[in-house]
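The next block holds one structure in the form of structure tokens; read it before the comments.
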Amino acid sequence: MTKKKTAALTASDYFESYLVWLRFAPLSEQSKRAYRSRINQFLDFLATSENKFELVLKNPQAAEVALREYKRHLKRSRKFAPGSVNATLTAIDHYFQYLGDGAGQNTARGFAPGSVQGAFG
């Protein structure tokens with residue numbers, strides 16, 4: 001018998017799965033739209049940077065580096081206000097939680113769970 005090869009899931013596959021799950025999440029429609037858009041922008045950023053989604057998904061250190069670079073990108077290149085940066089990072093945290101990646105949780109904001117330290121240190 002030969003083993004059948006299964007194709008690895010792509011960033012797009014994970015995102016599509018998240019979107020299906022998000023439809024039933026206990027969030028307002030406005031929050032769902034915002035999360036969809038913000039995560040899509042983050043995935044676009046990953047696609048055009050050295051931080052590849054597959055590595056970010058599997059490696060906590062790579063996730064931390066990618067999230068810090070994205071945060072810097074939002075603040076410097078996109079000129080996001082602090083509240084907009086935090087809203088974006090909240091959406092990314094939500095996505096990592098969906099993926100079951102504990103390493104990515106709260107890393108985006110640069111603080112440990114339960115900490116009161118803000119994102120703009």
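Scanning the stretch 66-88 for residues that are surrounded by 14 or more Cβ atoms within 10 Å (Cβ to Cβ) and under 23 Å from ALA25 (Cβ atoms) yields LEU67, TYR70, SER84, VAL85, ASN86, ALA87, THR88. Is one or more of the residues making up the stretch 68-77 assigned to a helix (DSSP H, G or I) and either small (Gly, Ala, Ser) or at pLDDT below 90 (or both)? No, the stretch 68-77 has no match at all. Considering only residues that are in contact with a Ser or Thr (Cβ under 9 Å, 6 or more places away or on another chain) and at pLDDT 90 or above, look in the stretch 40-65 and name the one that is surrounded by the most Cβ atoms within 10 Å (Cβ to Cβ). My answer is PHE42. All conditions but one from (1) of a type outside the set (Ser, Thr, Tyr); (2) closer than 23 Å to PHE24 by Cβ; (3) modelled with pLDDT under 90; (4) in a helix (DSSP H, G or I) apply to ALA91; the one that does not is (3).
Taken as a whole, the condition of being without any contact (Cβ under 8 Å) to a residue 60 or more places away in the chain, of a type in the set (Asp, Glu) and assigned to a loop (DSSP other than H, G, I, E, B) applies to GLU50.
The values are calculated or read from the model by the stated rules, or taken from the named source; none is laboratory data. This one's a predicted model, so the numbers in the text were calculated from it and none came from an experiment. So basically every Cβ, Gly included, is an ideal-geometry build from the backbone, and we count neighbours across all protein chains shown.
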